[in-house]
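The values are calculated or read from the model by the stated rules, or taken from the named source; none is laboratory data. Given the structure is predicted, the values throughout are model-derived calculations rather than measurements. Methodologically, a virtual Cβ is constructed for each residue, glycine included, from the backbone with ideal geometry; neighbour enumeration extends over all protein chains shown.
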Amino acid sequence: MWIASIVSAVLVAIGCALALWLGERYWWSTPVAYAPQLPLVLAPVIALVWALVVRSVPGVAFNALVLACALFGPVGLQVHRPRQPSGETFRIVTHNVLELGERADEFVTRPLVEADIVCLQEAGDPRFAGLLADREEAAVGDLRIFTRGRIVTTEVVRPTMDGVRSALACEIELNGRRLAVLNVHLSMAQPGRQPPLRRRIWPEYLAHTVDVRGGQFDAIRNWVERQELPVVVAGDFNTPPTSALIAGMRQRLVDCFAQVGWGLGHTWLLRGWPVLRIDYVWLGRRLRPLRCWTEGAYPSDHRPVVAEFEPGE
């Protein structure tokens, strides 16, 4: 039992080191950072059950601690209670709709209808235009923003790298308050740079994907830094919370799910199973998160993320 416990602790420690600290620093550690982290709990769960069977109190305590490190570390479990609003609140939804223009009507769901701001990705199909008929709308590429408020200005935020996706920024007026909203969909690579079949090219490709997303993250941070209004950034980042790029975002913005979410918050589905959290709602200064959760996937392979927030100091 103790051998199994020590082995599981070593596996969790290696997983934490690769996912949380090495991440994108080296090409060979990048796949670990971007892989589902939930399998890390398998070894400590087995060791914990074993300790329970043999009635080893020290073994139970040790393996429970290792399991907690895995869950609250790279796996990203959150156990926050919703905050009580102190005044007016707003709701935003972000959802990658998988280019399913022929099924656009199926996305008119309760979360979208109830939201004050809706950010869609992979919604370039013209059939998504006017999806929420009573809202103002802005669009560029595969991105769309709908709001029950008024769109004051629209801006396309372009990264320095050619051929990667731009972001869509809108200044929105809601109930007399103005917000700067950015809808993003990060690229995996430049056009034509698909995952290679030849093994020897993988190091170059993995390093390239990190550079591409790094350039897009730089464009997002530059946009945030020049805003005077309260900022909301939402969308499909194609990047898990263990990424060093996400750590850079946390220096400027608040990850709503990490602050007021409950559970794992996985948004990307693999064969119908939620395995990664890669869709986010971020808030800037003078905005206070209240609740954040994921909804059903509907026709897409992404779950929508819903966040409620209020103006703060």
When restricted to Ala123, Ala133, Ala70, Ala169, the only residue of a type outside the set (D, E, K, R), assigned to a loop (DSSP other than H, G, I, E, B) and surrounded by 21 or more Cβ atoms within 10 Å (Cβ to Cβ) is Ala123
Requiring at least 1 residues that are touching a residue at least 12 places away in the same chain (Cβ under 8 Å) and closer than 17 Å to Leu182 by Cα, the strands (runs of 3 or more DSSP E) wholly within the stretch 208-312 are 231-236, 279-283, 287-294, 305-311
Query raised in the report: Taking Val164, is it assigned to a helix (DSSP H, G or I), touching a residue at least 24 places away in the same chain (Cβ under 8 Å) and either buried (at least 19 other Cβ atoms within 10 Å of the Cβ) or touching a strand residue (DSSP E or B) at 6+ places or on another chain (Cβ under 8 Å) (or both)?
Result: no
Matching residues in the stretch 96-155 (over 26 Å from Arg177 (Cα atoms) and in contact with a helix residue (DSSP H, G or I) (Cβ under 6 Å, 6 or more places away or on another chain)) number 6
Across (1) among the aromatic types (Phe, Trp, Tyr); (2) surrounded by 20 or more Cβ atoms within 10 Å (Cβ to Cβ); (3) touching a helix residue (DSSP H, G or I) at 6+ places or on another chain (Cβ under 9 Å), Phe90 clears everything bar (3)
**Message:** Just checking, does the stretch 221-237 include any residue being among the β-branched types (Val, Ile, Thr), at pLDDT below 95 and in contact with a Leu (Cβ under 8 Å, 6 or more places away or on another chain)?
**Reply:** no
Exactly one of Val156, Val164, Val113 is β-branched (Val, Ile, Thr), assigned by TED's automatic domain parsing to the domain that holds Ala297, touching a Ser or Thr at 6+ places or on another chain (Cβ under 8 Å) and over 16 Å from Ala234 (Cα atoms), and that one is Val164
Residue count, the stretch 1-33, condition closer than 30 Å to Leu52 by Cα and among the polar types (S, T, N, Q), comes to 2
| request: Could you tell me whether any residue of the stretch 15-33 is hydroxyl-bearing (Ser, Thr, Tyr) and crowded, with 19+ Cβ neighbours inside 10 Å? | output: yes
- prompt: Among the residues of the stretch 245-262, is any out of contact with any His (no Cβ under 9 Å at 6 or more places or on another chain), buried (at least 23 other Cβ atoms within 10 Å of the Cβ) and modelled with pLDDT under 95?
  reply: no
Residue pairs within 7 Å by beta carbon, gap of at least six or interchain, first lying in the stretch 1-27 and in the same structural domain as Gly248 (by TED's automatic domain parsing), second at pLDDT below 90 and not in a helix (DSSP H, G or I), listed first then second, are none
(Q) Just to be sure before I move on: is Arg103 assigned to a loop (DSSP other than H, G, I, E, B) and either assigned by TED's automatic domain parsing to the domain that holds Gly235 or among the basic types (Lys, Arg) (or both) in the structure I sent? (A) no
Only one of (1) of a type outside the set (Ser, Thr, Tyr); (2) over 23 Å from the mean Cα position of the chain (by Cα); (3) assigned to a helix (DSSP H, G or I) does not apply to Pro85, and that is (3)
Taking the stretch 144-154 and keeping only residues that are in contact (Cβ under 8 Å) with a residue 24 or more places away in the chain, buried (at least 16 other Cβ atoms within 10 Å of the Cβ) and closer than 17 Å to Val231 by Cβ, one is left with Ile145, Thr147, Gly149
Result of the Cβ filter at 7 Å on the stretch 125-138, keeping first residues that are over 13 Å from Glu99 (Cα atoms) and partners that are among the polar types (S, T, N, Q) and surrounded by fewer than 16 Cβ atoms within 10 Å (Cβ to Cβ), at least 6 apart or interchain, is Ala138/Thr154
